[in-house]
Amino acid sequence: LKDQFDNLDKHTQWGIDFLEKYAKFVKERIEIEQNYAKQLRNLVKKYCPKRSPKDEEPRFTSCIAFFNILNELNDYAGQREVVAEEMGHRVYGELMRYSHDLKTERKMHLQEGRKAQQYLDMCWKQMDNSKKKFERECREAEKAQQSYERLDNDTNATKADVEKAKQQLNLRTHMADENKNEYAAQLQNFNGEQHKHYYIVIPQIYKQLQEMDERRTIKLSECYKGFADSERKVIPIISKCLEGMILAAKSVDEHRDSQLVIDCFKSGFEPPGDFPFEDYSQNIYRTISDGTISTPKQEGMRIDTKTTVGKAKGKLWLFGKKPKPQSPPLTPTSLYTSSTPNGSQYPIFSIEPVHYCMSDIKTGKPRIPSFRSLKRGVNYFCLQGPALEDFSHLPPEQRRKKLQQRIDELNRELQKETDQKDALIKMKDVYEKNPQMGDPSSLQPKLTETMSNMDRLRMEIHKNEAWLSEVEGKVAARSDRRHSSDINHLVTQGRESPEGSYTDDANQEVRGPPQQHAHPNEFDDEFEDDDPLPAIGHCKAIYPFDGHNEGTLAMKEGEILYIIEEDKGDGWTRARRHNGEEGYVPTSYIDVTLEKNSKGA
């Protein structure tokens, strides 16, 4: 079995080499996972939005979905790092520790086997030496016996020589007997050690090596399982990341993105009006049907439309110079005034198109030649013009949104200051009741500063609300004027002839005023009596909302409300209770369900 010991030595060394080879494989897999996670994080960082807090870029649903996918991908990269960490701790580290222990144990067992083999070799050498010595003594004894016999048979040998040979024979025989006994003892000892070596010591060492190799195999099996478990543990979280990506993809709403674009670029300006008819044939004398030439009209009763309209056209730009206060020359019958109950006068326009255009220019209502010019003027002013405090440099709709956002921010700051004031008052009361806790007068400067900040914020809110009311009033007035101009345009259809045309009856050139408009107060009452907005859906409150601010609607968790106006991109949705109470609620606090047949209403 001596050669098998060497084979076992080679086999156990191969087992350790295989264990270290698998550990190296796991290490390279860990490096791959770490590099993969690092590259994913760098990719997410590269494409994540780098926007300052003041950036107010519209959050389109497609952009939000992409940002959510990036967040999920970042979480996925984190799970790859978890896999690498788990493999490094549970598999690679355990393999390296076990490999070190395995080498130490193998070395110990092999040393024990070599010692046993060396001891057996030593016993064999001792037995072999005693055997050789016994053999040598036996040959010497045989030689002494042959010499004695030769001398004893020789008649010429003396008695002394015979006696000496006999003594030598006895000595060699005695030494041979002693070496024989020693050889027998060494042989018996060697046989016992050899039996012990091959039946007790070596089997025990082989068994230990076998157990060691089996433990190595079991450890490899456990590491294989741990290698797979490291990946399997993160599969649920990775599945959630992938589900999050799918939900982000499903959350893309093309209609909402379109509405965000509309809300972002909505200016509130009116579309350009109709161009007036410019009659250049006024200076040509018309020939009457009987062949006579009519008397030219008086210069005082004729309007030079070419001059007036041409000048007006140069002043129709949105951000150009304002029209001069003096009005173009009008005929006495083209413009009438009417007094209102409060004593003010307002112009009533004739049904002539040129007159209508002239009166429109006089009232400061510019006409825009084209939307391209409007866009160019708005962009130029937004890029070059100064940013005013009241946002008057912005279009009406954008100005209204900016003012509303500022008012909301100021209200939040005011609420913080109010909470701080209440906390200071409570602390002051505690200090007054327990002077050992602090000096109440030390809080007075901070309380005064907080009250001053509250007053300043209230003034700012009042000022911005005044600007907001002004903007909303202008928008409403512009809508009223558009409504009135549409009515006048419909009334004049079919009644007027082209401007500047001559008729047989000179009296027809002077027309009376059209039917006067309804009283302004009656017009306002007409809008006040409108029916409430129809419900376009319903919502369920996910979280409670106190609704302390003006215009908001308080709600409880689980409460059902009607939706009467969708979120315009500012994070607020207009809702109504069953009792008719209306107000704005945070869009993120509710679960909205819109009716398909009412969504576009």
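The values are calculated or read from the model by the stated rules, or taken from the named source; none is laboratory data. Being a predicted model, the structure only gives us computed values, none of them experimental. All Cβ positions, even for glycine, are placed from backbone atoms using ideal geometry, and neighbour counts span all protein chains on display. Each accessible area value is taken on the protein alone, full model and side chains, heavy atoms only, with ligands, DNA and RNA left out. Shrake-Rupley method; radii C 1.70, N 1.55, O 1.52, S 1.80 Å.
Of the numbered criteria (1) open to solvent by less than 40 Å² (accessible area, probe 1.4 Å); (2) outside any helix (DSSP H, G or I); (3) of a type in the set (Ser, Thr, Tyr), the one residue 98 fails is (2).
For the range 553-581, the set of residues classified as at pLDDT 90 or above and surrounded by 17 or more Cβ atoms within 10 Å (Cβ to Cβ) consists of 553, 555, 559, 561, 562, 563, 573, 574, 575, 576, listed by residue number.
Screening the candidates 145, 168, 208, 188 for the property of being open to solvent by 60 Å² or more (accessible area, probe 1.4 Å), under 30 Å from residue 4 (Cβ atoms) and either assigned to a helix (DSSP H, G or I) or among the hydroxyl-bearing types (Ser, Thr, Tyr) (or both) yields one hit, 188. Scan the range 222-263 for residues that are open to solvent by less than 70 Å² (accessible area, probe 1.4 Å) and closer than 29 Å to residue 89 by Cα and the total you get is 11. Scanning the range 412-429 for residues that are open to solvent by 60 Å² or more (accessible area, probe 1.4 Å) and under 45 Å from the mean Cα position of the chain (by Cα) yields 412, 413, 415, 416, 419, 420, 422, 425, 426, 427.
Look at the range 247-264 and say how many of its residues are assigned to a loop (DSSP other than H, G, I, E, B) and of a type in the set (S, T, N, Q). Of the residues in the range 247-264, 1 are assigned to a loop (DSSP other than H, G, I, E, B) and of a type in the set (S, T, N, Q).
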